1. In nm, to one decimal, how far is the modelled label at SER45 from the one at LEU93, with both set 7 Å along Cα→Cβ?
2. In nm, to one decimal, how far is the ARG100 label point from the ILE59 one, both placed 7 Å along Cα→Cβ?
3. What whole-number volume per residue, in cubic angstrom, does the convex hull of the C-alpha atoms of region 14-98 give?
4. Just need the relative contact order of region 14-98 here, percent rounded to a whole number, with Cα pairs under 8 Å and 6+ apart.
5. Placing unit charges on C-beta atoms (Lys and Arg positive, Asp and Glu negative, everything else neutral), compute the dipole magnitude of region 14-98 about its Cα centre in debye, rounded to 20.
Amino acid sequence: MKKLAASLIERRSHPVQVAPRIFAIREHLGLPKAQFADAIGVDRSSLTKIEKGSAGLDIAVAERISALYGVGLDFIYRGDLDDLPTDWRPSILSLMHGHRTNP
């Protein structure tokens, strides 16, 4: 049953799919990795892994991003654009489109 459910539910919260969203948020804010990492309570190397999709985003870190910058968890984990400030959407979409998870 687990395999069937997993095959039917799209994994939009997979690290590779979350990566461009986190990258786009940081870039939209104009923050260097070090400053963003400090603000959300992770080290720079961990942020790099999150932005590359090679590490997952802990829910506590996502909650800090949400609280600090007004970005909803549905955007971070599911890609729901309705959970972003309206004026951010064009910039975020453009930044996500240009993001590459591969080195």
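1. Going from the SER45 label point to the LEU93 one covers 3.8 nm.
2. 3.5
3. On the way: hull volume 6.7 nm³, N = 85.
Spread over its residues, the Cα hull of region 14-98 gives 78 Å³ apiece.
4. Relative contact order comes out at 38 percent.
5. On the way: 9 positive and 11 negative charges, 63 e Å.
For this selection, approximately 300 debye.
FYI, it's all coordinate maths here, none of it is from the lab. Please read these numbers as outputs of a predicted model, since none were measured by experiment. Here the Cβ is made from the backbone with ideal geometry for all residues, glycine too, and neighbour counts use every protein chain on show.
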